[in-house]
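To start, the structure itself, in structure tokens.
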Amino acid sequence: MNGPVRGLKGNRTCILAPSILSADPLAVGDSIRSLGGEGDWIHVDVSDGHFVPNLAFGPMMVEALRRGFPDAFIDVHLMVTPAEDFIGMFMNTGPDIITVQVEAARHIHRVLQAIRDAGITPGVSINPGTPACMLEPVLHMVGLVLVMTVNPGFGGQKFLPEVMSKIKYLVRERAVQSLDFLIECDGGVHSGTAGVLVKAGCDVLVAGSAVYDSDDPARAAREIKQNAELEWRV
Ligand code: DX5
Ligand code: ZN
């Protein structure tokens, strides 16, 4: 897919997508501004208390983010089931990417096509417990593959190293099939795990608690990116 996503990365080693799940719920806009431009994308987690045991953000939040940050790249991660019942709510809210969990769609091709038809880049995500081969039928349809590196639902969990093989699988398949999706990792990303993920082939790092729970979110974001670059250059 020759979409807008690939171009965004340019010559950069990685894109940092701070997750507002860990932002101050009373002042999400201020939290984003506190990054001083060190965050590249805004990652918005949508959870339904059903697919994952937590409730978070709806279409009104995405709409408000688009209004408040007209030039931002908004990365919406739907952890809701069935995905087909929710995508319509987000279509007109101004997201750049809508990612759905491969486990949460009854008809994954139809869901991804509907997102694409709305002029939005479709992404697909996979849980740590789901085999990578579940992605194979739709890799040609997406601009982004999100590899969950924790079981989804909450911020602040520990990175699961066994997902590394999925990143390697995706890097291989992308080359073999001449595809151009970005690989995003989400969960337990911090300055200690960023390097190994980028070295394995991750293009986009989602980080929630490591950025927003820090006393200095801008510095924390910068450190994650610096560590990613360092490891990558070894
Ligand atoms: C988890 C969400 C993540 C979460 C990551 O279900 O998908 O985006 O915000 O949080 P950290 O970076 O704290 O693991
Ligand atoms: Zn997420």
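Points to keep in mind about this one:
- Qualifying residue in region 69-86 (condition: open to solvent by less than 20 Å² (accessible area, probe 1.4 Å) and either more than 30 Å from Asn227 (Cβ to Cβ) or free of Cβ contacts under 8 Å to residues at least 24 places away in the same chain (or both)): yes
- Close Cβ contacts (under 7 Å, 6 or more residues apart or on different chains) running from residues in region 143-171 that are more than 15 Å from Ala132 (Cβ to Cβ) to residues that are within 13 Å of ligand 2 (Cβ to nearest atom) and assigned to a helix (DSSP H, G or I) comprise Gly155/Leu21; Gly155/Ser22; Gly155/Ser209; Gly156/Ser209.
- Residues of region 106-120 satisfying the condition of being more than 16 Å from His140 (Cβ to Cβ) and in contact (Cβ under 8 Å) with a residue 12 or more places away in the chain: Arg106, His107, Ala114, Ala118, Ile120
- Among the residues here, Glu223 qualifies as more than 13 Å from the chain's Cα centre (by Cα), over 23 Å from Ile98 (Cα atoms), more than 16 Å from ligand 2 (Cβ to nearest atom) and surrounded by fewer than 20 Cβ atoms within 10 Å (Cβ to Cβ).
- Residue in region 194-201 that is basic (Lys, Arg) and either part of a helix (DSSP H, G or I) or without any contact (Cβ under 8 Å) to a residue 24 or more places away in the chain (or both) present: yes
- Answer residue from region 120-175, given it is within 19 Å of Val198 (Cβ to Cβ), hydroxyl-bearing (Ser, Thr, Tyr) and outside any helix (DSSP H, G or I) and is farthest from ligand 2 (Cβ to nearest atom) among those: Thr149
- If the condition is being surrounded by fewer than 21 Cβ atoms within 10 Å (Cβ to Cβ) and of a type in the set (A, V, I, L, M, F, W, C), then region 149-179 contributes Val150, Phe154, Phe159, Leu160, Met164, Val171, Ala175, Val176, Leu179.
- Restricted to region 87-119, and to residues there that are closer than 22 Å to Leu65 by Cα and in a loop (DSSP other than H, G, I, E, B), the residue that is most open to solvent (accessible area, probe 1.4 Å) is Asn92.
- Only one of the listed residues (Leu182, Leu135) is closer than 16 Å to Leu16 by Cα, at pLDDT 95 or above, away from ligand 1 (no atom under 15 Å from the Cβ) and buried (at least 17 other Cβ atoms within 10 Å of the Cβ). That residue is Leu182.
- Asp203 vs. criteria more than 24 Å from His140 (Cβ to Cβ) and either out of contact with any Gly (no Cβ under 6 Å at 6 or more places or on another chain) or surrounded by fewer than 17 Cβ atoms within 10 Å (Cβ to Cβ) (or both): no
- Candidates Pro25, Pro70, Pro18 - the one that is under 17 Å from Ile97 (Cα atoms) and part of a loop (DSSP other than H, G, I, E, B): Pro70
The values are calculated or read from the model by the stated rules, or taken from the named source; none is laboratory data. Computed from a prediction, not measured in an experiment: that's the story for all the values here. Here the Cβ is made from the backbone with ideal geometry for all residues, glycine too, and neighbour counts use every protein chain on show. Please note that ligands, DNA and RNA were not included when accessible areas were found on the heavy atoms of the full protein model with its side chains. Shrake-Rupley method; radii C 1.70, N 1.55, O 1.52, S 1.80 Å.
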